[in-house]
Amino acid sequence: MRLLLVTLVGCSGAVGAQTPSPTYPFGAPAEKAKFEFDKFMLVLLVRPANPPEFPKEELAKLQEGHMANMKTLHEQGKLRKAGPVEDLSGRNVRGIFVLTTESADEAREWISNDPLIKAGRLVPEFLKWYVEKGSLK
């Protein structure tokens with residue numbers, strides 16, 4: 001996550017920091033401008049090494065419930081963006097949720113009813129994401 005932040009905000013001094021400083025713009029000295037962040041929770045949906053097996057019909061129902069859960073979260077204003085990913089890291093990340101909270105506890109609560117997570121087919125990992133204020137449309 002720290003390296004991702006360095007790439008996103010272009011500040012080479014942020015690698016060792018736990019929380020990025022909200023006072024630097026892209027490439028400009030901190031004293032020249034203030035930089036504000038919106039904060040979101042990214043949820044990586046990771047397939048575990050040995051996921052439980054289910055019959056094809058049950059997997060289809062779990063996937064249908066997963067999609068319905070995402071729709072509900074979006075309608076409630078809790079899910080900003082979501083989608084599958086092509087994981088080139090070898091970790092078997094299957095998808096990402098961008099949730100409209102900065103609280104890991106709230107994010108856990110919001111996704112706790114997802115059928116694929118409840119069934120153990122996906123395991124959530126949580127990252128707080130700092131993005132330029134107003135830039136995520």
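The numbers here are math on the coordinates, done by the rules we state, and not lab data. Nothing here was measured: the structure is a model prediction, and the numbers come from that model. Here Cβ is always computed from backbone atoms with ideal geometry, including for glycine, and neighbour counts include all displayed protein chains.
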Taking Ile117, Ile111 and counting other beta carbon atoms within 10 angstrom, the fewest-first order is Ile117, Ile111
Counting only backbone N atoms under 18 Å from a point 7 Å out along Cα-to-Cβ of Ala49, the residues of segment 112-137 in range are 120-125
Once both label points are put 7 Å beyond Cα along the C-beta direction, the Gln76-Asp105 separation in nm becomes 1.7 nm
Excluding residues fewer than 8 positions from Lys137 in its own chain, the lysines with Cα under 29 Å of it are Lys32, Lys34, Lys39, Lys71, Lys78, Lys81, Lys128
Phi-derived 3J(HN,Hα) across segment 71-81 with the Karplus relation (6.51, -1.76, 1.60, θ = phi - 60°), rounded Hz, x for Gly and Pro, is 4, 4, 4, 5, 4, 7, x, 8, 10, 7, 8
The distance between the Cα centres of segment 112-137 and segment 53-104, in whole Å, is 8 Å
Given 4 °C, 1.567 mPa s and a Kirkwood radius over Cα pairs, the Stokes-Einstein diffusion coefficient of segment 34-137 in µm²/s is 90 µm²/s
